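The values are calculated or read from the model by the stated rules, or taken from the named source; none is laboratory data. Since we're looking at a predicted model, the values are computed, not measured. Here the Cβ positions follow ideal geometry from the backbone for every residue, glycine too, while neighbour counts run over all protein chains shown. Each accessible area value is taken on the protein alone, full model and side chains, heavy atoms only, with ligands, DNA and RNA left out. Shrake-Rupley method; radii C 1.70, N 1.55, O 1.52, S 1.80 Å.
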Amino acid sequence: IYADPAKRLELYFRPKDPYCHPVCANRFPTSTMLLRVTRRSKKKQQLEPEEQIQPEVQFEMEILGIVTTVYKFQGMSDFQYLAMHSGPDGKQTSMYDKVLMLKPEKEEFFNRDLPLYIPPPIFSRLDTPVDYFYRPDIQHRSGYNNPQVSGENLIGLSRARRPHNAIFVNFDDEEIPTKPLDAAVQNWKKVCTNPLDKKVEEELRKLFEVRPVWSRNAVKANISVHPDKLKVLLPYLAYYMLTGPWRSLWVRFGYDPRKHPEAKIYQVLDFRIRCGMKYGYAATDMPVKAKRSTYNYSLPITVKKQGSHTVSVHDLKQGLGSAGTSGAKKPPSSRYKLKESIYIFQEGALPPYRQMFYQLCDLNVESLQKIIHRNDGAESECTERDGWCLAKTSDDLRDSMSLMIKQIIRSTRPALFSNTTSSEDGKEQLAYESGEDEDDEEEEEEDFKPSDGSENEMETEILDYV
């Protein structure tokens, strides 16, 4: 606990009880000394029987060291939920010997009839009392009527979302937009108040002229623009695809990739690094860390992280789009730029995240490009699953990319693959990987919710523009 400043010290009143809920201590810096005090008493010789002699006491003090960190238990002890059952007569009966398996048991142990016992999924998240100030009802003027509330917004009646006025297009939609919404134009004109913003707009226009379809990460890796300004600028120049082979991508107004076979190089590939014992390495052995995991849920024993600094409208108008705040180390031309690895896949390099959304043209490997261009000149139909590519092209790309990543991990950690014998075994393993297990892995990934810091999940991006 001391090695991790974000953790709190736990104290269990009943350490052997798995249902014991701990109390937590907070970490505080201090500058105190650790002393060792020795009390020595020396009895004096008694000359007369009736005489009472006080022993001679001496104290010795020694400084052992300096204490820089202390833990203080400032919270209240939470309620304890015991494995008990209340009988008809109100008598409490312990169920520890019935619900805890302390040794290997036979089948009869699991087939016994037991009273229903469901422990709470989580205890209270606060261990310190807080004052809740009840506010009186707002007194409106005479003649005021409450607004009509529909069933869609019964929850969350605080502040309405600030729309960025992006246009969303599905693969089945017949028409595509040719110009932005008027509200999107007005929003960008309000924010575009300095020459730096105008320069960013021209740079993004040139990007869409060279390449009509871009991902947001690819844009952020090519131009330096503040993320809050990019939210306003993208709906001004492009529309957003929700479904199909170009999902989660921004498309230039007036360009329909479903009508242009050459647009297949801009299709998206949802790639996830495969890990598991059947692949030769576990999740803990991965050189690429996961952005989120259910195993990291440790409330309330962790210190709450401080939120990031919010940017005000005044900051945006002062040129934060490219210039940024004073005192920053990075030059204005690259302050907000991302690395190329955020959207380009290269042979011999690991992706920055375990799940990536690549455009096919950004797979800079010759063998992968051969798979993509297998049907050049023979594209007949654009389907929602494969676009202009041949069927199961995405599966073939994932298999090849997974094999490349496996070779990288093999070179960095050869001990993990000590049992593998030949390349033929690797090919057989690869054929086994491309089966139904990949679907299972995708279902496991969907159980997670997008993290706040993720720049590579289309669910998070959609919420930014609704």
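Of note:
- Estimated FRET transfer efficiency (ASP113, ASP17; beta-carbon r; R0 30 Å; 0.05): 0.75
- Computed Rg/Rh of segment 186-226, alpha carbon atoms with Kirkwood Rh: 0.98
- Under-5 Å amide H pairs with GLN359, H placed in peptide plane, nonlocal only: LEU269
- Estimated FRET transfer efficiency (GLN186, GLU209; beta-carbon r; R0 22 Å; 0.05): 0.35
- Ranked by how many other beta carbons lie within 10 Å on average, peptides 186-195, 93-102 from highest: 186-195, 93-102
- Residue-wise HN-Hα coupling along segment 57-70, computed from phi with Karplus coefficients 6.51, -1.76, 1.60 (Hz; x: Gly, Pro): 10, 10, 10, 10, 10, 9, 7, 8, x, 10, 9, 9, 9, 10
- Extension gain for LEU390-SER41 works out to 116.3 nm (0.36 nm per residue, less the C-alpha to C-alpha distance).
- In terms of the mean number of neighbouring beta-carbon atoms within 10 Å, the peptides 388-397, 223-232, 128-137 order highest first as 223-232, 388-397, 128-137.
- Accessible area per residue in Å² at 1.4 Å probe, computed on segment 356-409: 44 Å²
- The 3J(HN,Hα) values that the Karplus relation (6.51, -1.76, 1.60; θ = phi - 60°) gives for segment 5-21 are, in residue order, x, 8, 9, 10, 7, 9, 10, 9, 6, 10, x, 7, 9, x, 8, 6, 9 Hz. Gly and Pro appear as x.
- Entries of LYS337/LYS370; LYS7/LYS98; LYS190/LYS220; LYS229/LYS339; LYS206/LYS259 with Cα pairs more than 24 Å apart: LYS337/LYS370; LYS7/LYS98
- Dipole in debye (nearest 20) - segment 171-286, about Cα centre, beta carbon charges: Lys, Arg +1; Asp, Glu -1: 320 debye
- Note on segment 1-136: with charges restricted to the Cβ of Lys and Arg (+1) and Asp and Glu (-1), its dipole about the Cα centre is near 380 debye.
- Where labels lie 7 Å past Cα in the beta-carbon direction, separation of LEU9 and LEU64 in nm: 1.4 nm
- Approximate spin-label separation LYS339-VAL130, in nm, with each point projected 7 Å along Cα-to-Cβ: 3.8 nm
- Among PHE208, PRO235, ALA221 - extreme Cα towards positive end, dipole of segment 194-235, charges at beta-carbon: ALA221
- Alpha-carbon centroid distance for the pair segment 219-268 / segment 58-121, whole angstrom: 54 Å
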